[in-house]
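The numbers here are math on the coordinates, done by the rules we state, and not lab data. Predicted model, so just to flag it, every value in this text is computed and none were measured. Glycine gets a Cβ as well: all are built from the backbone with ideal geometry, and neighbour counts include every protein chain shown.
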Amino acid sequence: MDTKDEFFESIVEEHRDKIYRICRYYVQDDDDVKDLYQETLINIWKGIDKFRGEAAISTWIFRVTANTAMYFLSKRKAKMNTKCEIDLIENQTFSEEDSRLEDEKLLHQSISKLPLVDMIIISLVLEGVPSKEIAEIIGLTDSNVRTRTHRIKATLKNIIEGRES
């Protein structure tokens, strides 16, 4: 095995769960998540030779993931050219696990209503990426990221409470 293979395998081993969760923020359908995850891994593989080490490997991976998601969504929107409907289940009794899964689904659906840059920012915030690193990934200032994060959280709260769509 050569060093590119080893480097790629170490990236996947260390970051697979985060990459998958970030993909889940952008698309909710399980098949779409798998497709986006696979495209992201392909793009990481293709880009390994271009990684210069100027940023942390995690920053580079988040950037590749975000760029892949933006391209994936733009392709999908061009094909569908319609907005996805949200299917909320009402008046049912859920176990605690079902309730947690429904809350998670609602959060992901709410995030999908945000503009693309806001989706990227909040997905990285939810992954615990520091605002300074998000700023580097997105190309904004740290203070702008913090301000936008505050506004995004307020927007998500309004979406979830049904005051905005």
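Here are the numbers:
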{"quantity": "Cβ-defined net charge surrounding L124, 12 Å radius [Lys, Arg +1; Asp, Glu -1]", "calculated": "+1"}
{"quantity": "Full-extension gain in nm, E9 to E104, via 0.36 nm per residue minus C-alpha separation", "calculated": "31.3 nm"}
{"quantity": "Inter-label distance, nm, simple model (7 Å from Cα along the C-beta direction), D17/K34", "calculated": "2.2"}
